[in-house]
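Let me begin by presenting the structure, written as structure tokens, before commenting on it.
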Amino acid sequence: MTDFRTLDAADPLASFRQEFHIPPGPDGRPCAYFCGNSLGLQPKAARAAVEQEFDAWERLGVEGHFHGVSPWMHYHETLTEASARLVGARPIEVVVMNNLTVNLHLLLVSFYRPTATRYKILMEGGAFPSDQYAIESQARLHGLEPDDAIVELVPRPGEHTLRTEDIEATIAELGDSLATVLIGGVNYYTGQAFDMAAIARAGHAVGAYVGFDLAHAAGNLDLRLHDWDVDFACWCTYKYLNSGPGGTSGVFVHERFAQRPDLVRLAGWWGHDPSDRFQMKKGFRPMAGAAGWQLSNAQIFPMAIHRASLALVDRAGGMPALRAKSEQLTARLEALIRGLNLPASALEIITPADPAQRGCQLSVLVHQRGRELFDYLANQGIIADWREPNVIRLAPVPLYNSFEDVDRVGEALTRFFSE
């Protein structure tokens with residue numbers, strides 16, 4: 001196996017590691033941080049970005065909405081082009097606003113419109129709890145019983161992940177009873193990335209809306225939402241997009257809905273047509289595109305961090321460049337884990353081996369001494385993520401993880417299982 005020093009020296013993205021604050025490990029040296037699928041690290045540019053807006057507030061007060069370096073009235077628009085590039089969309093199809101689950105609910109109000117016969121909503125079993133709770137409550141909002149309205153996809157016996165053909169078959173079987181498909185672009189637990197284009201085709205073939213929660217996909221996969229013909233999607237920005245705890249969220253609504261003021265939605269002042277927004281009149285007229293789902297003023301401070309982070313993604317060459325390094329890092333981590341030659345009864349990677357079916361996360365099912373292993377890694381300065389009952393998630397993020405980081409995991413695992 002090629003030495004990590006050679007790989008790090010040849011890495012065109014290696015310098016971006018210096019753009020982040022990397023927490024120290026127990027021995028004082030920078031930790032090997034593999035938890036970007038939960039909370040990304042702080043970009044060094046974030047503090048200055050927020051300070052700029054604090055300065056504007058201090059000097060200008062309310063006039064900061066109209067004056068200063070980045071007037072707040074149009075601040076969210078400064079994120080549009082970069083967000084569109086990030087998810088493979090057209091600018092009219094994206095907007096940054098609110099937080100993830102709020103946006104999920106707002107989109108479901110429009111894209112889950114059950115009738116007496118078409119009321120089923122399809123999701124993956126074991127989805128992140130926010131998705132489960134949101135869908136349950138949406139079903140009840142329409143007077144439906146969740147156990148009847150929600151259909152969950154589960155792997156075949158003895159398997160950990162879903163097969164695309166099984167998802168397509170379930171959609172076809174539900175047929176004209178299916179109102180909406182809502183699946184995570186990447187499953188948070190297994191790390192499986194779904195074939196979103198195939199799922200969108202299958203859902204549309206039976207007349208259903210198709211959407212995705214991209215919390216674990218945005219900033220991780222090279223997305224093509226417009227070309228894949230996805231109806232709607234939303235994502236958080238604090239994982240792979242490094243935009244701070246509780247950071248703002250992105251929304252995608254396909255261009256075909258851009259001029260659809262008739263779509264049922266929850267309305268707010270900020271989503272109203274800006275040409276007469278300040279006339280304060282009755283009668284909501286939504287802005288064209290995804291911006292028409294906005295409710296309230298832009299969250300300036302979280303958006304300032306997000307803008308700084310999006311700038312890093314663009315400087316690095318966008319998602320194609322990040323994805324290329326991601327595949328290298330993840331493949332090396334997988335090879336090191338498999339190279340331990342441990343029986344599956346001790347340790348098992350449950351994330352698909354096919355790079356097309358995963359992002360940078362590997363989920364390792366530890367059948368014996370799982371929590372002990374997790375704590376051991378932490379004591380070695382390796383920050384991973386523990387998920388009950390016995391999964392350790394490791395996510396080598398291309399913007400700040402190095403090949404040396406990956407090898408530190410391999411060395412630590414070797415020591416642990418040799419003791």
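The values are calculated or read from the model by the stated rules, or taken from the named source; none is laboratory data. Quantities reported herein were computed from a predicted structural model and do not represent experimental measurements. Because the Cβ atoms are built from the backbone with ideal geometry, glycine has one as well, and the counts that use them run over all protein chains shown. These area figures cover heavy atoms from the full protein model, side chains too; ligands, DNA and RNA do not enter into them. Shrake-Rupley method; radii C 1.70, N 1.55, O 1.52, S 1.80 Å.
As an exercise, identify the chymotrypsin sites (Phe, Trp or Tyr not before Pro) in segment 1-54 lying in DSSP coil whose Cβ has no more than 12 other Cβ atoms within 10 Å.
Qualifying residues, ordered by number: none.
Per 0.36 nm of contour for each residue apart, how much would the distance between residue 201 and residue 74 grow if the chain were fully extended, relative to their Cα-Cα spacing?
Values: separation 127, 0.36 × 127 = 45.72 nm, distance 3.56 nm.
Fully extending the segment from residue 201 to residue 74 adds 42.2 nm.
With +1 on each Lys and Arg Cβ and -1 on each Asp and Glu Cβ, how big is the dipole of the chain about its Cα centre, in debye rounded to the nearest 20?
Numbers: 37 positive and 50 negative charges, 142 e Å.
Result for the chain is approximately 680 debye, rounded to the nearest 20.
Dipole of segment 165-277, Cα-centred, from +1 at each Lys and Arg C-beta and -1 at each Asp and Glu C-beta, to the nearest 20 debye? Each step should come with its number before you reach the end.
Details: 7 positive and 15 negative charges, 98 e Å.
Charge dipole, segment 165-277, about its Cα centre: 460 debye, nearest 20.
As I understand it, the dipole of segment 1-97 uses +1 on the Cβ of Lys and Arg and -1 on the Cβ of Asp and Glu, about the Cα centre. Which of 21, 37, 91 lies farthest toward its positive end?
My answer, from the dipole projection, is 37.
When DSSP assigns beta bridges and you keep just the ones with both residues in the chain, what percent turn out antiparallel, to the nearest 5? It would help to have the intermediate numbers written out before the result.
Numbers: 25 of 43 bridges.
Around 60 percent of the beta bridges assigned by DSSP in the chain are antiparallel ones.
About the Cα centre, and with charges only on the beta carbon of Lys, Arg (+1) and Asp, Glu (-1), how big is the dipole of segment 44-123? Nearest 20 debye, please. Don't skip to the answer; put the middle values down first.
Details: 8 positive and 8 negative charges, 137 e Å.
For this selection, approximately 660 debye.
Could you work out which residue, out of 283, 359, 211, moves most in a Gaussian network model of the chain, that is, has the largest mean-square fluctuation with Cα springs under 10 Å?
Result: 283 has the largest fluctuation of those listed.
Report residue 57's accessible area, 1.4 Å probe, all protein chains in place, as a number in Å² to the nearest 10.
The accessible area of residue 57 comes to roughly 150 Å².
With runs of 4+ DSSP H residues as the only contributors, calculate the mean residue ellipticity of the chain at 222 nm using -39,500 (n - 2.57) per run, divided by the residue total and rounded to the nearest 500.
Details: 12 runs with 144 residues, N = 419.
Here the helix-only value at 222 nm equals -10500 deg cm²/dmol.
Can you tell me the accessible area per residue over segment 174-277, all protein chains present, probe 1.4 angstrom, in square angstrom? Each step should come with its number before you reach the end.
Working: 2950 Å² over 104 residues.
Using a 1.4 Å probe on heavy atoms only, each residue of segment 174-277 averages 28 Å².
Check residue 285: other-chain or 5+ apart residues with amide H under 5 Å from its amide H, H built from backbone geometry?
Amide H to amide H, under 5 Å and 5 or more residues apart or across chains, residue 285 pairs with 273.
In whole Å, what is the distance between the alpha-carbon centres of segment 129-208 and segment 382-419?
Segment 129-208 and segment 382-419 have Cα centres separated by 31 Å.
Leaving out ligands and nucleic acids, and using a 1.4 Å probe, what accessible area per residue does segment 18-126 come to in Å²?
Details: 4950 Å² over 109 residues.
Using a 1.4 Å probe on heavy atoms only, each residue of segment 18-126 averages 45 Å².
Give, as a single signed number, the net charge of other residues whose beta carbon lies under 14 Å from the beta carbon of residue 195, with Lys and Arg counted +1 and Asp and Glu -1.
On the way: positive: 163, 201, 224, 358; negative: 124, 165, 166, 168, 222, 227, 229, 354.
Net of charged neighbours comes to -4.
Can you check what the net charge comes to around residue 17, using other residues whose Cβ is under 13 Å from the Cβ of residue 17 (Lys, Arg +1; Asp, Glu -1)?
Numbers: positive: 44, 325; negative: 8, 11, 19, 404, 405.
Summing Lys and Arg as +1 and Asp and Glu as -1 gives -3.
How far apart, in nm, are the 7 Å Cα→Cβ label points at residue 315 and residue 356?
For the pair residue 315/residue 356, the computed spacing is 3.5 nm.
At most 10 other C-beta atoms within 10 Å and a DSSP loop state: those are the exposed trypsin sites (Lys or Arg not before Pro) I care about. Give me the longest piece of the chain that has none. Don't skip to the end; give the middle numbers.
Numbers: sites that count: 281, 282.
Value returned for the longest uninterrupted segment is 1-280.
What net charge is computed for the residues neighbouring residue 39, neighbours being all others with C-beta under 11 Å from the C-beta of residue 39, Lys and Arg scored +1, Asp and Glu -1?
Working: positive: 239; negative: 385.
Within the 11 Å Cβ shell, the charges total 0.
Once mean projected area of the Cα convex hull in nm² is worked out from the coordinates, which option in (i) 27.2; (ii) 21.7; (iii) 20.6 does it equal?
(ii)
From the phi angles alone, apply the Karplus equation (6.51, -1.76, 1.60; θ = phi - 60°) to segment 115-131 and give each ³J(HN,Hα) in whole Hz, x where the residue is Gly or Pro.
Listing the rounded values in order: 10, 4, 10, 10, 9, 6, 10, 9, 9, 7, x, x, 5, 4, x, 4, 5 Hz.
Working with all protein chains in place, sort 8, 375 by solvent-accessible area computed with a 1.4 Å probe, largest first. Intermediate results must be reported in sequence, preceding the final value.
Details: 8 35, 375 65 Å².
Most to least solvent-accessible, the answer reads 375, 8.
Assuming a ≥ b ≥ c are the square roots of the Cα gyration tensor eigenvalues, decide whether segment 1-155 counts as rounded (a/c under 1.5), prolate (otherwise, with a/b larger than b/c) or oblate.
oblate
Give, in nm to one decimal, the length gained when the segment between residue 38 and residue 62 is fully stretched (0.36 nm per residue of separation minus the Cα-Cα distance).
Residue separation times 0.36 nm, minus the Cα-Cα distance, leaves 5.1 nm.
Taking R0 as 35 Å, what FRET efficiency do you get between residue 327 and residue 173 from their Cβ-Cβ distance, rounded to the nearest 0.05?
On the way: r = 34 Å, r/R0 = 0.97.
That pair, residue 327 with residue 173, gives E of 0.55.
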